[in-house]
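**Student:** I have a structure here, written as structure tokens, and I will follow up with some questions on it.
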Amino acid sequence: MHDIAETAGRLTLQERAALTSGATLWSTKPVARVGVPAIRFSDGPHGVRRQPVDGDYLGAGHSAPATCFPPAVALGASWDPALLRRVGAALGQEARALDVQVLLGPGINIKRSPLCGRNFEYLSEDPHVAGVLGAALIDGIQSQGVGASLKHFAVNNQETDRLRVSADVDERTLREIYLAGFEYAVKTARPWTVMAAYNRVNGVYATQHEWLLTTVLRDEWGFDGVVVSDWAAVDDRVAALRAGLDLEMPTSGGATDAELVAATVDQTLKPAALDASVRRLLTLIQRATRDPGAVEFDAPAHHRLAREVAGQCAILLKNDDATLPLHPGGSIAVIGELARTPRYQGAGSSQIVPTQLDEPLAELRALAGTELPFAPGYRLDTREHAPELEDEARTLAAAAEASVVFLGLPDADESEGFDRSHLNLPANQLALLRAVASTGTRVVVVLSNGGVVTTSGWQRHADAILEGFLLGQAGGGALADIIFGVVNPSGRLAETIPVRLPDTPAYLNFPGELGHVRYGEGVFVGYRHYDAVDGPVGYAFGHGLSYTTFDYSDLTVDLTGRDESLAVTVTARVTNTGSRPGREIVQVYVSAPSPVVRRPVRELRAFDKVVLEPGRGVVVRFKLGWRDFAYFHPGRSRWTVEAVSADIQVGASSRDIRLTGTVRLPVTEPRLRITPDSVFADWLSTPAGEAVLRREMLPPPGMGHAPFLTPGSRRTMGSVPLRRMARFPGAYLDPGKLDRLAAEVNAANGAAGSPDAAVS
Ligand code: BGC
């Protein structure tokens with residue numbers, strides 16, 4: 001196939017319709033007559049799940065072996081786009097080697113509730129982290145000539161009723177939280193395909209949502225690839241194509257192709273809509289088959305990469321009295337079934353067959369150079385206590401200076417397809433922990449879980465907690481590296497660990513009822529909620545310890561340009577003040593108030609990972625733009641920045657801000673845009689407004705001040721729109737002048753926004 005237009009022109013109506021749905025579970029239909037080959041899709045996202053032709057869809061059993069990299073929950077904790085680009089490139093190579101042309105990932109849906117059964121497949125509760133890291137994965141995959149599929153577009157944040165539920169979300173929340181990561185990834189990494197989600201958004205199926213698939217995705221963001229449906233997500237094929245969905249997957253056995261043909265013939269579907277999808281599909285097929293050269297992948301090298309990556313994903317949550325790292329020669333017991341039966345990936349469509357699998361126990365023994373004693377302590381297939389297993393573990397722990405206790409969620413507790421109902425570890429595991437801790441041994445807890453678990457009920461029994469999430473096939477080795485100090489931990493939480501489920505932002509609105517889930521918490525998701533209510537958290541967004549320490553100093557903030565060409569350069573010095581080399585994630589939050597809408601206390605706008613030898617420092621530089629200060633104005637339906645003072649906060653987590661600078665934003669948009677319908681108090685809220693009303697509200701000579709300008713009246717009349725007030729006999733205000741007066745006040749307020757910055 002050389003010329004897309006020419007090839008498209010040679011296809012019959014039936015062939016064009018047929019091209020827009022799958023031939024099998026995983027592949028598109030070839031059209032041999034005009035030289036159009038089939039292409040193959042495969043999950044996705046943290047490894048290539050190349051199923052045989054008669055594959056079992058959600059099962060992994062028969063897939064070809066491929067490297068199981070850490071799933072997104074762990075990758076998100078690396079906060080490292082360069083690392084994710086390398087993972088993406090390795091995934092792309094494996095896809096090539098396994099004859100897969102489009103890999104179904106990454107998934108960047110926001111972790112709205114910690115209960116979502118698929119949170120292990122998603123990167124963060126924050127759209128900036130999800131967007132930047134998702135874009136890096138896409139970049140890496142596509143650098144190998146393999147397409148990525150950015151999913152699940154959009155607002156797919158739960159598994160309960162996922163094929164029908166309507167996510168009911170206001171536009172500001174959509175734009176600022178649920179679409180922002182997709183927007184970033186689409187604009188910067190240009191994925192070849194985007195996958196439309198199962199759910200409805202405000203009543204309309206995502207696969208049939210013209211505003212999402214065409215207005216926003218293509219017209220606003222410039223997406224020029226193929227929109228593919230999630231598997232069996234299409235409800236009405238004609239409506240879907242009309243809305244901008246190009247490819248229905250998997251096969252519909254031809255039934256929906258016939259619907260498209262009929263709709264084109266009876267002209268309920270414009271032929272141009274089908275033609276546009278065909279052109280986009282032919283472009284994808286051409287791109288994906290351009291370089292058919294066979295590629296092999298080096299499985300041992302990818303396993304080593306998986307170990308290196310996993311080592312940068314695990315998070316040291318707690319480390320009292322420098323319990324970790326342990327000395328390999330010390331007296332150490334290893335406890336917990338998960339040490340020899342690791343959980344390293346989540347269940348469902350992303351599940352793959354690894355090329356090899358590291359067991360933490362074997363890896364700890366290998367690094368220690370000795371047969372460390374082990375007791376399983378509990379069973380994974382039950383929550384019931386097993387007193388003999390507990391006794392055996394207690395005896396081992398009593399004889400050891402330190403016990404490494406592996407705890408986590410059993411496979412059955414979380415999966416694609418259903419949500420969790422609580423945040424707790426199994427009771428038998430907690431009983432084991434108490435038994436081990438009662439011996440006086442130092443306790444290191446290592447966690448394996450795809451969704452967060454609360455630590456508040458048991459963390460007093462642990463001297464150190466290492467949160468591994470799900471670390472992929474080489475996770476066992478990576479955990480051993482961290483436990484023995486070969487690797488200094490540098491993972492940071494990309495999602496808040498709550499104290500209790502009822503504290504979580506979506507608690508009252510998750511997972512909804514009667515076919516609807518109301519996103520009542522609005523933009524206050526994750527740390528945006530906890531910081532707004534100043535509520536307790538188990539561990540804050542961005543938190544993670546290291547075996548060394550870092551100092552932050554010398555903040556500078558420089559401003560140039562104004563309005564949409566505003567550019568803010570932030571620099572800060574970060575110094576390794578401890579005794580080991582280490583990595584720090586430097587986080588930049590913006591706190592921009594608005595007099596118009598309630599905004600989060602702070603929002604992450606930039607981050608960077610620095611690698612520092614002991615005693616060394618580095619100046620980290622960030623660029624922020626107009627959009628980093630903006631919110632989506634619901635009334636005006638556009639991004640807005642007002643002339644306010646905003647704080648720039650640099651720190652090590654959302655709750656550990658080390659440096660703060662203040663900028664007065666040089667924008668023409670007044671702090672508050674005044675109209676004749678603005679209330680009296682708003683008119684009086686700026687010096688310019690006050691001056692104008694004092695000048696205009698003139699009672700007859702001899703009466704003194706206008707009665708409404710006395711202190712008492714200003715309060716009682718504060719909520720009256722000026723247009724109405726002007727009708728009052730005592731207002732002494734000419735209703736015919738109000739438009740002109742509003743313009744005068746707005747001009748004066750906008751002009752007040754002169755550039756200026758200060759740091760503290
Ligand atoms: C999942 C997608 C996946 C697809 C193909 C669906 O059930 O939601 O993420 O890519 O199946 O396996």
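The values are calculated or read from the model by the stated rules, or taken from the named source; none is laboratory data. Just so we're clear, the structure is a prediction, and the values are computed from it rather than from any experiment. For neighbour counting, all protein chains shown are included, and Cβ atoms are generated from backbone atoms with ideal geometry for every residue, glycine included.
**Student:** Only one residue in K187, K270 is closer than 18 Å to L281 by Cα and away from the ligand (no atom under 15 Å from the Cβ), so which one is that?
**Tutor:** Testing whether each residue is closer than 18 Å to L281 by Cα and away from the ligand (no atom under 15 Å from the Cβ) leaves just K270.
**Student:** Within the group E121, E159, E125, which residue is within 14 Å of the ligand (Cβ to nearest atom) and closer than 18 Å to S78 by Cβ?
**Tutor:** E121
**Student:** Show the residue pairs that are 6+ apart or on different chains and have beta-carbon atoms under 6 Å apart, the first residue being within the range 381-400 and assigned to a loop (DSSP other than H, G, I, E, B), the second being aliphatic (A, V, I, L, M).
**Tutor:** R383/A427; H385/A431; A400/I332; A400/A333
**Student:** Out of the residues in the range 241-276 that are in contact (Cβ under 8 Å) with a residue 60 or more places away in the chain and not in a helix (DSSP H, G or I), state the one that is farthest from G22 (Cα to Cα).
**Tutor:** D246
**Student:** Out of everything in the range 243-254 that is away from the ligand (no atom under 16 Å from the Cβ) and at pLDDT below 95, what residue ends up being surrounded by the fewest Cβ atoms within 10 Å (Cβ to Cβ)?
**Tutor:** Ranking the candidates gives G253 first.
**Student:** While we're here: Test of understanding: among A427, A431, A437, A480, which residue is over 21 Å from the mean Cα position of the chain (by Cα), more than 28 Å from N157 (Cβ to Cβ) and surrounded by 24 or more Cβ atoms within 10 Å (Cβ to Cβ)?
**Tutor:** Only one candidate passes the filter, namely A480.
**Student:** Restricting attention to the range 53-91, and to residues there that are aliphatic (A, V, I, L, M), at pLDDT below 95 and within 14 Å of the ligand (Cβ to nearest atom), which single residue is farthest from V610 (Cα to Cα)? Let's see the steps before the verdict.
**Tutor:** The initial filter retains those residues of the range 53-91 that are aliphatic (A, V, I, L, M), namely 53, 58, 60, 64, 66, 72-75, 77, 82-84, 87, 89-91.
Still in the running and at pLDDT below 95: 53, 58, 60, 64.
Imposing the further condition that a residue be within 14 Å of the ligand (Cβ to nearest atom) reduces the set to 58, 60.
Working: L58: 39, A60: 38 Å.
Among those residues, the one meeting the criterion is L58.
**Student:** Going through V533, V537 one at a time, which residue ends up being surrounded by 19 or more Cβ atoms within 10 Å (Cβ to Cβ) and of a type in the set (V, I, T)? Before the answer, list the steps.
**Tutor:** Working: V533 fails: surrounded by 19 or more Cβ atoms within 10 Å (Cβ to Cβ).
So the residue among V533, V537 that is surrounded by 19 or more Cβ atoms within 10 Å (Cβ to Cβ) and of a type in the set (V, I, T) is V537.
**Student:** Please determine whether any residue of the range 193-207 is under 18 Å from S124 (Cβ atoms), in contact with a strand residue (DSSP E or B) (Cβ under 9 Å, 6 or more places away or on another chain), at pLDDT 95 or above and buried (at least 18 other Cβ atoms within 10 Å of the Cβ).
**Tutor:** The answer is yes; a qualifying residue exists.
**Student:** Continuing with the same structure: Just checking: which of the strands (runs of 3 or more DSSP E) contained wholly in the range 559-658 hold 2 or more residues that are under 24 Å from the mean Cα position of the chain (by Cα)?
**Tutor:** 582-591, 603-612, 617-625, 631-633, 638-640, 645-653
**Student:** Still on this model: Residues of the range 1-26 being modelled with pLDDT of 95 or more, surrounded by fewer than 21 Cβ atoms within 10 Å (Cβ to Cβ) and in contact with a strand residue (DSSP E or B) (Cβ under 7 Å, 6 or more places away or on another chain), which ones?
**Tutor:** Within the range 1-26, T7, L11, E15 qualify.
**Student:** Now for a separate question. I'd like the full set of residues that are within 15 Å of the ligand (Cβ to nearest atom) and more than 21 Å from the chain's Cα centre (by Cα), limited to the range 208-227.
**Tutor:** Within the range 208-227, the first condition is being within 15 Å of the ligand (Cβ to nearest atom), and the residues that meet it are 226-227.
The one that is within 15 Å of the ligand (Cβ to nearest atom) and more than 21 Å from the chain's Cα centre (by Cα): V226.
**Student:** OK, next. Taking the conditions exactly as written (in contact (Cβ under 8 Å) with a residue 24 or more places away in the chain, more than 26 Å from the chain's Cα centre (by Cα) and away from the ligand (no atom under 16 Å from the Cβ)), does R33 satisfy them or not? Don't jump to the end; show me each part of the working.
**Tutor:** Details: in contact (Cβ under 8 Å) with a residue 24 or more places away in the chain: no; more than 26 Å from the chain's Cα centre (by Cα): yes; away from the ligand (no atom under 16 Å from the Cβ): yes.
No, not satisfied.
**Student:** Continuing with this model, one more query. For the range 340-355: of the residues being of a type outside the set (S, T, Y) and surrounded by fewer than 20 Cβ atoms within 10 Å (Cβ to Cβ), which is farthest from the ligand (Cβ to nearest atom)?
**Tutor:** R340
**Student:** If I ask for residues that are farther than 16 Å from I674 by Cβ and either part of a loop (DSSP other than H, G, I, E, B) or β-branched (V, I, T) (or both), which ones from the range 695-716 would you list?
**Tutor:** Selection gives L698, P699, P700, P701, G702, M703, G704, H705, A706, T710, T716.
**Student:** What's the number of the condition D219 fails, among (1) surrounded by fewer than 18 Cβ atoms within 10 Å (Cβ to Cβ); (2) in contact with an Asp or Glu (Cβ under 9 Å, 6 or more places away or on another chain); (3) within 30 Å of S143 (Cβ to Cβ)?
**Tutor:** The single condition D219 does not satisfy is (2).
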